[in-house]
Amino acid sequence: MTPTGSQAASVCLDVGSTWTKAVLIHPDGGLAGFAEHPTTPSDVLAGMDAAVRAVTACGPPGCTAQPELFACSSAGGGLRLAVVGNDTIASTEAGHRVARSAGSHVVHVHSGPLEASDVRTLRSHRPGVVLLLGGADGSDPTVMLHNAGRLARARVRYPIVLAGNVEAQQDALALLRATGRTVVACDNVLPEPGRVVPGPARAAVAGVFARHVLGGRGPAAAPRFRRLVRVVTPEAVGRGAAELARITESGVLVVDVGCTTTDVHSAPVGGVGTGPVHRTVEGDLGVRSAAGGVLLEGQAEGIVDPVEADLLALTVERMATEVGYVPRDPGSAAEDRRIAALAAIIAVRRHLRGHDDAGRDVGLLVLSGGVFRQRDPDGLGAVIATVRADPVLAPLLAGVPVVVDADFAVAPAGLLAAHDRTAAAEALLRNHLLS
């Protein structure tokens with residue numbers, strides 16, 4: 001499957017929360033150049049334009065044809081979730097279970113009636129969504145109705161997922177919508193004392209995340225940005241996973257480790273049209289702002305011991321606070337890869353728990369993300385060995401190839417396929433991932 005020589009080259013852009021990456025791709029699927037530029041949050045188009053200029057300068061001498069431009073974005077990063085409920089312990093557990101695999105992470109929990117100072121504290125944590133709880137079904141709804149009224153009157157504009165006492169839900173909904181709040185109502189997360197049912201609220205939060213992750217919300221950038229970017233990065237990577245499943249005629253797992261999220265995609269045998277591509281997005285796992293979650297969850301999962309957590313703590317703190325952090329020596333690069341390997345393992349474990357069929361017929365595991373562009377075969381080999389040795393994943397990966405997307409091919413291939421450039425997408429994957 002080879003495209004005709006008359007087709008123009010393509011530039012595929014992936015606008016991340018920290019870095020904007022661009023690749024120049026020949027019609028035959030060959031990579032002609034790679035460039036990256038820090039994402040420019042005040043005007044995301046500035047970083048996009050800089051990356052395009054840099055990568056097109058890498059093109060063949062004398063080539064004057066204007067390349068086609070395809071772009072995807074996850075510039076919004078992970079979704080910050082605030083929880084407002086009745087009881088601190090129950091609300092905290094419910095919030096973390098709802099956030100898991102929905103692209104979000106908990107940044108604040110409030111319990112009890114909201115007062116004006118509490119609303120100011122909530123705003124200071126800059127949530128992207130509020131999960132409003134309110135006790136078990138049939139319990140006293142006074143606190144939930146008070147909090148709904150307080151949020152309705154407050155200067156907050158983020159969406160609210162209402163998942164509390166079902167008997168009082170309509171009254172709370174009316175209070176919130178009366179002042180124009182965006183509300184998604186779903187089943188109670190805490191329908192009975194001691195019982196947590198996160199699924200419906202998690203789906204609602206995932207829906208908010210799908211709109212949030214695109215990013216580029218600056219008023220000056222929005223019109224042109226929205227014209228250029230029609231696909232979110234997780235969708236592009238998922239389409240790339242589906243193309244790999246079609247080409248290899250096997251089930252495929254793709255793990256995309258980013259700065260603020262780690263995404264896992266499982267594509268069934270045959271790829272597009274043969275079944276859904278399952279996707280989970282972990283908003284508390286990443287190699288920069290979400291690196292702290294990797295250590296926390298690694299200890300909870302039993303794959304990071306206290307000694308290693310202490311050794312990595314300073315590096316993780318630097319990752320989380322220094323925007324655009326780049327390792328400057330072999331030791332720092334090794335720590336970077338270690339955090340990435342841990343994020344991948346934890347994310348795949350969660351993905352498999354959430355999708356019973358995701359582990360069937362897996363014939364290929366792909367590790368993708370900017371951290372894996374490090375040109376260190378021994379270091380990348382150590383990452384693969386770490387993933388293979390995980391006691392939970394080892395049975396699944398026995399005899400299964402594990403490859404690293406060091407050339408950054410999966411997301412661009414997904415973008416090409418999404419724009420009816422399937423032949424170029426296949427050639428790109430064959431040339432730069434499967435060869």
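Annotation note: of 279, 349, the sole residue that is in contact with a strand residue (DSSP E or B) (Cβ under 6 Å, 6 or more places away or on another chain) and among the basic types (Lys, Arg) is 279. In the condition set (1) modelled with pLDDT under 95; (2) part of a helix (DSSP H, G or I), residue 435 is compliant with all but (2).
Within this structure, residue 324 passes the test of being open to solvent by 20 Å² or more (accessible area, probe 1.4 Å), in contact with a Pro (Cβ under 7 Å, 6 or more places away or on another chain) and touching a residue at least 12 places away in the same chain (Cβ under 8 Å).
Would you mind stating whether residue 294 is hydrophobic (A, V, I, L, M, F, W, C), in contact (Cβ under 8 Å) with a residue 24 or more places away in the chain, closer than 22 Å to residue 408 by Cα and assigned to a helix (DSSP H, G or I)? For residue 294, the condition - hydrophobic (A, V, I, L, M, F, W, C), in contact (Cβ under 8 Å) with a residue 24 or more places away in the chain, closer than 22 Å to residue 408 by Cα and assigned to a helix (DSSP H, G or I) - is not met. Is it fair to say residue 175 is buried (at least 17 other Cβ atoms within 10 Å of the Cβ) and under 30 Å from residue 289 (Cα atoms)? No, not satisfied. The set of residues from segment 139-156 being part of a loop (DSSP other than H, G, I, E, B) and more than 13 Å from residue 118 (Cα to Cα) comprises 139, 140, 141. Confirm whether residue 185 is more than 24 Å from residue 154 (Cβ to Cβ) and either open to solvent by 50 Å² or more (accessible area, probe 1.4 Å) or not hydroxyl-bearing (Ser, Thr, Tyr) (or both). Taking the combined requirement at face value, the residue does not satisfy it.
Quick one: is residue 97 within 20 Å of the chain's Cα centre (by Cα) and either in a loop (DSSP other than H, G, I, E, B) or on the phi < 0 side of the Ramachandran plot (or both)? Yes; evaluated as a whole, the condition is true for this residue.
For residues that are surrounded by fewer than 17 Cβ atoms within 10 Å (Cβ to Cβ) and not charged (D, E, K, R), tally how many sit in segment 23-33.
First pass over segment 23-33, keeping only residues surrounded by fewer than 17 Cβ atoms within 10 Å (Cβ to Cβ): 28, 30.
Then keep just the ones that are not charged (D, E, K, R); that gives 30.
Looking only at that region, the number is 1.
Condition check for residue 307 on (1) open to solvent by 40 Å² or more (accessible area, probe 1.4 Å); (2) part of a loop (DSSP other than H, G, I, E, B); (3) more than 18 Å from residue 75 (Cα to Cα); (4) not basic (Lys, Arg): one failure, at (2). Just one of (1) in a helix (DSSP H, G or I); (2) touching a Lys or Arg at 6+ places or on another chain (Cβ under 9 Å); (3) buried (at least 18 other Cβ atoms within 10 Å of the Cβ); (4) not polar (S, T, N, Q) fails for residue 408. It is (1).
Any chance segment 282-301 includes a residue that's of a type in the set (S, T, N, Q) and surrounded by 24 or more Cβ atoms within 10 Å (Cβ to Cβ)? The answer is no; no qualifying residue exists.
Closer than 30 Å to residue 202 by Cα, of a type in the set (A, V, I, L, M), in contact with a helix residue (DSSP H, G or I) (Cβ under 6 Å, 6 or more places away or on another chain) and assigned by the TED database to the domain that holds residue 254: is that true of residue 413 in this structure?
The answer is yes for residue 413.
Annotation: of all residues in segment 357-393 being of a type in the set (A, V, I, L, M) and either farther than 21 Å from residue 279 by Cα or in contact with a Pro (Cβ under 7 Å, 6 or more places away or on another chain) (or both), the one that is surrounded by the fewest Cβ atoms within 10 Å (Cβ to Cβ) is 385. Quick one: would you say residue 243 is charged (D, E, K, R), assigned by the TED database to the domain that holds residue 339, open to solvent by less than 10 Å² (accessible area, probe 1.4 Å) and closer than 27 Å to residue 429 by Cα? When the stated conditions are applied, residue 243 passes them.
Quick one: in segment 144-155, of everything that is farther than 19 Å from residue 98 by Cβ and not charged (D, E, K, R), which residue is surrounded by the most Cβ atoms within 10 Å (Cβ to Cβ)? Can you show your working first?
Taking segment 144-155 and keeping what is farther than 19 Å from residue 98 by Cβ, we get 145-146, 149-150, 152-155.
Checking which are not charged (D, E, K, R) leaves us with 145-146, 149, 152, 154.
Working: 145: 17, 146: 17, 149: 17, 152: 19, 154: 17.
It comes out as 152.
Every condition in (1) open to solvent by 70 Å² or more (accessible area, probe 1.4 Å); (2) at pLDDT 95 or above; (3) not acidic (Asp, Glu) is met by residue 266 except one, and the failing one is (1). Scanning segment 93-137 for residues that are closer than 20 Å to residue 205 by Cα, out of contact with any helix residue (DSSP H, G or I) (no Cβ under 6 Å at 6 or more places or on another chain), among the β-branched types (Val, Ile, Thr) and open to solvent by 20 Å² or more (accessible area, probe 1.4 Å) returns a single hit, 107. Return the total of residues in segment 286-304 being of a type in the set (Gly, Ala, Ser) and over 23 Å from residue 77 (Cβ atoms). So the answer is 1. For residue 274, the requirement of being hydroxyl-bearing (Ser, Thr, Tyr) and open to solvent by less than 30 Å² (accessible area, probe 1.4 Å) is not met.
The values are calculated or read from the model by the stated rules, or taken from the named source; none is laboratory data. These figures come from a predicted structure and were not determined experimentally. Don't worry about glycine lacking a Cβ; one is built from the backbone with ideal geometry, like all the others, and counts go over all protein chains shown. Side chains included, ligands, DNA and RNA excluded: accessible areas come from the protein's heavy atoms. Shrake-Rupley method; radii C 1.70, N 1.55, O 1.52, S 1.80 Å.
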